[in-house]
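The values are calculated or read from the model by the stated rules, or taken from the named source; none is laboratory data. Just so it is clear, the model here is predicted, and its values are computed rather than measured. Note that we place each Cβ from the backbone using ideal geometry, even for glycine, and neighbour counts take in every protein chain shown. Quick note on the areas: whole protein, heavy atoms, side chains included, nothing else; ligands and nucleic acids left out. Shrake-Rupley method; radii C 1.70, N 1.55, O 1.52, S 1.80 Å.
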Amino acid sequence: MTAPSTFLRACGLSELEDDTPKRVELDGTPVSVVKTEGEVFAINDICSHANVSLSEGEVEDCQIECWLHGSAFDLRTGKPSGLPATRPVPVYPVKIEGDDVLVSLSQES
């Protein structure tokens, strides 16, 4: 039996703008929180190809693009859609309670 996931408050839902990543740090882990297509996603904020912040990139079609080299990562799975990145980045479970966006650092994938 696994321990229950611990959810940490990342930000307020009212702080998120559609398709605009918000960088937060949870227990020392950089996380990009994104509201897009009516859902909220949390993905590790560091590109797996280059050590840069994904939250500085653009969001389109449920993907976040690394601004440095153009690799895009699926917000649902963390998988890259094209080169130069070949490794996925971690995605995290999200739940909404009132205006609080809660994120668990236990990985979904």
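Just a few scattered comments:
- Exposure ranking of 37, 97, 65 by accessible area [1.4 Å probe, largest first]: 37, 97, 65
- For the chain, 11, 62 stand unpaired, since no other cysteine beta carbon lies under 4.7 Å from theirs.
- Per-residue HN-Hα couplings for region 83-94 [Karplus 6.51, -1.76, 1.60; θ = phi - 60°; Hz; x = Gly/Pro]: 5, x, 6, 10, 9, x, 10, x, 10, 10, x, 10
- Quotient of Cα Rg and 2.2 N^0.38 Å for the chain, N being how many residues it contains: 1.00
- Accessible solvent surface per residue of region 13-63, calculated while the other protein chains remain in place, 1.4 angstrom probe, Å²: 50 Å²
- Note on the chain: with charges restricted to the Cβ of Lys and Arg (+1) and Asp and Glu (-1), its dipole about the Cα centre is near 480 debye.
- For the chain, the carbon plus sulfur part of the accessible surface works out to 45%, probe radius 1.4 Å.
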